[in-house]
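Just so it is clear, none of the values below were taken in a lab; they were calculated from the coordinates. Remember, predicted model here, so these are calculated numbers, not experimental data. Cβ coordinates were reconstructed from backbone atoms using ideal geometry, including for glycine residues, and neighbour counts include every protein chain displayed.
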Amino acid sequence: MKKTAVVFGTTTGNTEKAAHLIAEAIGKDKVSVMNVSSFSAVDINGFEFLIFGTSTWGYGDIQGDWESLIPSLKKSDLSGKTVVLFGLGDSSSYNETFCDGMGILYEELQGTGASFTGFCETAGYNFSSSRAVVNGKFAGLPLDEDNEAGKTRERISAWVDSFSENLEMKA
Ligand SMILES: Cc1cc2nc3c(=O)[nH]c(=O)nc-3n(C[C@H](O)[C@H](O)[C@H](O)COP(=O)(O)O)c2cc1C
């Protein structure tokens, strides 16, 4: 199994909760879960598979704690590493900026050499626009604890299944 980290930025705890559910779905003992506020670009060296999560604040802004890491992250060489993203948002009150923070993270990491997986179909979500939609798919897993908390576990489980083969080491 590849060395895997789940790194989350959270303001009210929803992204943290999702990070732990993701770790549970993969296998708690196999994954390090860390808050982005105590994570630095150097820490990336210890991992091959990176799961990054952010909520969206303001009107389409990335969760604040990511902002200090992004400049150094952008300069990092992530070639050979796999990145998957998840985002927390509110598809009802913020249906025009739904999970934009996840889209910002995706945009900022272009050029690092990372290979992305874990894209999701937009079907099943009610929103009008999102910066996280890239070529017709979400650039990661959107979660909505404000309106669709009951779907979170099932969504995480299907999403983790979609990239679990990728977590294994190549023989
Ligand atoms: C003031 C405010 C602004 C928000 N802006 C957005 C937004 O633009 N887009 C979105 O999808 N969700 C938005 N949300 C919803 C949060 O992203 C959502 O509640 C999320 O679960 C919070 O996760 P956290 O506790 O991990 O920070 C906003 C919530 C608040 C209270």
How are the alpha carbon pair distances in the range 1-109 distributed across 10 Å bins from zero to the largest one, expressed in percent?
15, 49, 30, 5
Of all lysine pairs in the chain that are eight or more residues apart or on different chains, those with Cα atoms under 15 Å apart total 11
Distribution of pairwise C-alpha distances over the range 67-126, 5 Å bins, in %:
4, 16, 24, 23, 15, 11, 7, 1
With -39,500 (n - 2.57) per DSSP H segment of 4 or more residues and division by the full residue count of the chain, the 222 nm estimate, nearest 500 deg cm²/dmol, is -9000 deg cm²/dmol
Determine the shape class of the range 1-48: with a ≥ b ≥ c the square roots of the Cα gyration tensor eigenvalues, call it rounded for a/c under 1.5, and otherwise prolate if a/b is greater than b/c, oblate otherwise.
oblate
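For residue 128 and residue 149, what is the calculated FRET efficiency with R₀ set at 25 Å and r taken between the beta-carbons, to the nearest 0.05?
Given R0 = 25 Å and the Cβ-Cβ separation, E is 0.75.
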For the range 130-147 and the range 31-60, what is the centre-to-centre distance using only Cα atoms, to the nearest Å?
18
Which residue, chosen from 149, 136, 50, occupies the Cα position most advanced towards the positive end of the dipole of the chain, where the dipole is computed from +1 (Lys, Arg) and -1 (Asp, Glu) charges on Cβ about the Cα centre?
50
Rounding to the nearest 20 debye, state how big the charge dipole of the range 42-171 is about its Cα centre with +1 on each Lys and Arg Cβ and -1 on each Asp and Glu Cβ.
340
Taking the Cα centre as origin and putting +1 on Lys and Arg beta-carbons and -1 on Asp and Glu beta-carbons, what dipole magnitude results for the range 101-171, to the nearest 20 debye?
140
